[in-house]
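First comes the structure, then the notes that go with it.
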Amino acid sequence: MRLFINFTVAETNFTVPNHQNSEMEARPVGGEWLKERFKLSQYTLTHSSYIADNVAIRLTSKGNIEQDYGIKYAVADENNPVHHIEFFLKYDDLQLDFLQTVFQRTSRAEIERFVMESPAGRSARRIGFWYEFLTGQLLHLTRPISGNYTDLLDPDKYFTGRTEKNARWRINDNLLGTRAYCPIVRRTRELGHLLGQDLTTKIEALKADYPEDIFRRATNYLYSKETKSSYEIEKEKPSPDRTQKFIALLQMAGSETNEQMLRESRLVMLQNAIVDPRFATAAYRDFQNYIGQSLGNGQEIFHYICPPPVLMISLMDGLQALTLKTAGITSPEIRTAVIAFGFVFIHPFEDGNGRLHRFLIHDVLTHDEKVPKGLIIPVSAHMLNNIKEYDAILEKYSKPLMRRVRFSTSGIGEVEILNPEEVEGYFRYPDLTEECLYLVQTLHDTIQQDMPEELAFVQRFDEAKRAIQQIVDMPDKHIAQMLTFLHQNKGVFPKRRREYFDKLTDTEIEQMQEAYQKIYELD
């Protein structure tokens, strides 16, 4: 996957990641200073800032940015955390989980003092808003807050949701979500490039390249392929009944309103339809869940510890609120990603979360009319064919958590998080920029690569069927059987299947084989 970097200053003086060329030692500022001050080494910042003699930007081995600013950017009081919070909000990438922890370790009196020094200032009002938003504690204000309303998020740097005016801080709250659940998505150059290529236009261009009948038949097949691929990702083989139920659900994608889309009753209905009846549920889980791998002898490898059950209702309510706050405002592709990945990371059920996560991709895209009803983009098939990339994007979220979460286990699959207050913010306020980039790239790749291949296959199937019929005018089921054997054996008729065609001569079978190889360009 191609990666671009969204720089916020002139992209000059790009250097290697060291400070050896600086006359003075570079001093951390903003988020990096706060990270060192409060000993938050377990947090990874996507953008770290320093004060140095020379301006420079570096790309680290982890793909994050280190940036040197000139001395004029130094904070007024280098020992005051609030001044570094101000710098962080101005110049570093917004990471709400990190900021929440910083606020929890910063004196509330210091925050109040800073705000009251300039109650009309943008920085003061933003810091005041963020403090109350992330800690749930109200600041004591001795002077009235004034000033023109200002956007909380810079829409040139972040994807935003519907604006709600906050009169207390005179802030335009344009977050994607609410205090219960609020992901951040940065406007990177790569995302901007991909979103500039309209999915609907690409789909219409694809439809124009093939006869309507071919496109319709290929679409019907893709519903089945998407279903089987989604189950196969979970290493499951559904019964014919469950396969048909899932296909029926996919065909109904996009039919619910935003208010109903993530209602618990609807998600429970969907979960019941796609899992083994023995693991159907009546509500969100009320126990601690995890994703792991058993090694036998009672040993387990833990890949992801899900949010504790006490957070389940508020997280899912927050995700539903996000659905309403982004409706008609946020790019459908971004909305799809934050809803679908938000769901799978919350993991509200014991079973079926992955399949529902991928169903929601189709559900939101169709609802937002990015994909026409009756058409499906087989993202699960693409994910299955590129499973390492899919696993990597899931691990992009799970690995940092596993470095921070502490838990105990009974050895029989029972897990308890020991530091829930330290990881709650990780679940509530994720940065889903990489997940959005992954999904948008996957959608484009599926339309440009996978769907044309399926359409070409159907078209060639028709040509091969006509060619075989011209050699011997036999019943359709025999032609289909011949094509199946040739397809399974890469264009060569398997001798062990000769008994199925005892009425054909060896010459006729050879002619059919040659026709198939020519049409499918295998000769």
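Computed from the coordinates by the stated procedures, all read-outs in this text should not be read as laboratory data. Just so it is clear, the model here is predicted, and its values are computed rather than measured. FYI the Cβ positions are ideal-geometry reconstructions off the backbone, even for glycines, and counts take in every protein chain you see.
Only beta bridges with both residues in the chain are counted; by DSSP, about 70 percent of them are antiparallel.
Taking the centroid of alpha carbons for each part, the range 104-163 and the range 438-489 are 60 Å apart.
Nearest 10 degrees is fine. How inclined is helix 264-274 to the longest principal axis of the chain, computing both from alpha carbons? Value to nearest ten degrees: 30. The slack in the chain from Gln42 to Asn419, taken as 0.36 nm per residue of separation less the alpha-carbon distance, amounts to 134.3 nm. Look at [x] 22.4, 66; [y] 27.7, 98; [z] 23.4, 71: the one that is Rg and Dmax of the Cα atoms in Å derived from this structure is [y]. Mind jotting down the distance between the C-alpha centroids of the range 48-79 and the range 382-413, whole Å? So the two Cα centres are separated by 32 Å.
Note on the chain: dipole from Cβ charges, positive end direction compared against Thr46, Thr409, Leu250; the farthest Cα belongs to Thr409. The mean sequence separation of alpha-carbon pairs under 8 Å and at least six residues apart, normalised by the residue count of the range 194-446, gives a relative contact order of 25 percent. Just to confirm a number: summing +1 for Lys and Arg and -1 for Asp and Glu over residues other than Thr44 whose beta-carbon lies under 15 angstrom from that of Thr44, what do you get? With Lys, Arg at +1 and Asp, Glu at -1, the net is -1. Taking K and R as +1 and D and E as -1, what net charge do the other residues with C-beta under 14 Å from the C-beta of Tyr284 add up to? My count for the surroundings of Tyr284 gives -2.
Among the trypsin sites (Lys or Arg not before Pro) in the range 226-331, which ones are in a DSSP loop with at most 15 other Cβ atoms within 10 Å of the Cβ? Mind listing them? Taking the range 226-331 and a limit of 15 other Cβ atoms within 10 Å, the loop trypsin sites (Lys or Arg not before Pro) found are Lys235, Arg263. At a temperature of 4 °C and a viscosity of 1.567 mPa s, determine how fast the range 194-446 diffuses translationally according to Stokes-Einstein, using the Kirkwood radius over alpha-carbon pairs as Rh; express D in µm²/s, rounded to the nearest whole number. Once the numbers are plugged in, D ends up at 68 µm²/s. Among the trypsin sites (Lys or Arg not before Pro) within the range 373-450, those in coil by DSSP and having at most 15 neighbouring Cβ atoms inside 10 Å are Lys373, Arg406. Count Lys and Arg as plus one, Asp and Glu as minus one, and take only other residues whose Cβ is under 14 Å from that of Asp473; the net charge is then +2. Neighbour counts of C-beta atoms inside 10 Å place Asp368, Asp506 in the sequence Asp506, Asp368, starting with the fewest.
This model, with +1 at the C-beta of Lys and Arg and -1 at the C-beta of Asp and Glu, gives the chain a dipole about its Cα centre of some 700 debye.
Calculated on the alpha-carbon coordinates, the convex hull of the range 27-106 measures out at 84 cubic angstrom per residue. Between 0 and 90 degrees, the angle of helix 81-91 with respect to the longest Cα principal axis of the chain falls at about 40 degrees.
Beyond a 25 Å Cα-Cα separation, which of these cross-linked pairs lie in this structure: Lys245/Lys396; Lys157/Lys370; Lys225/Lys373; Lys228/Lys490; Lys477/Lys518; Lys228/Lys518? Checking Cα-Cα distances, Lys245/Lys396; Lys228/Lys518 exceed 25 Å.
For the chain, relative contact order (Cα pairs under 8 Å, six or more residues apart, normalised by length) works out to 14 percent. Taken about its Cα centre, the range 454-519 carries a charge dipole of about 220 debye when Lys and Arg each add +1 at the Cβ and Asp and Glu each add -1 at the Cβ. When Glu212, Glu190 are arranged by Cβ crowding within 10 Å, least crowded first, meaning fewest neighbours, the order is Glu212, Glu190. Taking every Cα-Cα distance in the range 454-519 and sorting them into 10 Å bins starting at zero, the pair-distance distribution P(r) comes out as 21, 63, 15, 1 percent. Dipole magnitude for the range 101-179: about 120 debye, using +1 per Lys or Arg Cβ and -1 per Asp or Glu Cβ, origin at the Cα centre. Sorted fewest first by neighbouring Cβ atoms within 10 angstrom, Met269, Met451 come out as Met269, Met451. Rounded to the nearest 500, the 222 nm mean residue ellipticity of the chain from helices alone is -15500 deg cm²/dmol, with -39,500 (n - 2.57) taken per DSSP H run of at least 4 residues.
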